[in-house]
1. Subtracting the Cα-Cα distance from 0.36 nm times the residue separation, let me have the gained length for Asp75 to Asp49 in nm, one decimal.
2. Lys and Arg at +1, Asp and Glu at -1: add these up for the other residues within a Cβ distance under 14 Å of Ala25 and post the number.
3. Out of residues 5 or more away from Val26 or on other chains, whose amide H comes under 5 Å of its own, with H placed 1.01 Å from N in the peptide plane?
4. Go through segment 70-82 residue by residue and turn each phi into a ³J(HN,Hα) via Karplus (6.51, -1.76, 1.60, θ = phi - 60°); whole Hz please, and just put x for glycine and proline.
5. Which of the GluC sites (Glu not before Pro) found in segment 24-110 are in a DSSP loop and have at most 10 neighbouring Cβ atoms, other than their own, within 10 Å?
6. Quick one: pull the percent of accessible area on segment 14-110 belonging to carbon and sulfur, 1.4 Å probe, ligands and nucleic acids left out.
7. Relative contact order, percent, of the chain when contacts are C-alpha pairs under 8 Å separated by at least 6 residues?
8. Could you work out the local net charge near Arg96, counting Lys and Arg as +1, Asp and Glu as -1, over the other residues with Cβ closer than 13 Å to its Cβ?
Amino acid sequence: RLVSPGVPTGTQTPQLLVDPPWTPAVLWDRVTLTCQGSGTSGATTWYKDGWLWWKDGDDQFVVTERGAYQCERPDTGLSHSVSVLNDRLVLQVPARALLEGDTVTLRCRV
């Protein structure tokens, strides 16, 4: 079922952390996603490709399927989306906020 969770007023949305910290993430890197933020720990709802995927799950898991993932904790909004690819060739950048003028290391991976 396709869902569109609401964002309660005055709450801070959770952060979706990627390890290893490169974007786009790729399956062959053994990617771990962690939902971090306020709300009840251990009651994380996960979405994959816009669909409810795992309700009341762990805050962290190792990705085994390509797709776009988001998380939500009770009484919080929805995190940003993280795409995990299964491509053979990928150009990656650090998975952090970048500002104009920053020096950036790029990775071309095969």
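1. On the way: separation 26, 0.36 × 26 = 9.36 nm, distance 2.17 nm.
Answer, rounded to one decimal: 7.2 nm.
2. Numbers: positive: Arg30, Lys48, Arg66, Arg96, Arg107, Arg109; negative: Asp19, Asp29, Glu65, Asp87.
Here the count lands on +2.
3. Sorted by chain and number, the residues that satisfy this are Leu85.
4. After applying 6.51 cos²θ - 1.76 cosθ + 1.60, I find 9, 10, 8, 10, x, 6, 10, x, 8, 6, 5, 8, 10 Hz.
5. Glu100
6. Values: 2860 of 5670 Å².
Roughly 50 percent of what the probe reaches on segment 14-110 is carbon or sulfur.
7. On the way: 248 pairs, mean separation 33.4, N = 110.
With pairs under 8 Å counted, the relative contact order is 30 percent.
8. Working: positive: none; negative: Asp19, Asp102.
Net local charge, Arg96 excluded: -2.
The values are calculated or read from the model by the stated rules, or taken from the named source; none is laboratory data. This structure is a prediction, so every number in the text was calculated from the model and none was measured. Backbone-built Cβ (ideal geometry, glycine too); neighbour counts: all protein chains shown. SASA here: full protein model, heavy atoms, side chains in, ligands and nucleic acids out. Shrake-Rupley method; radii C 1.70, N 1.55, O 1.52, S 1.80 Å.
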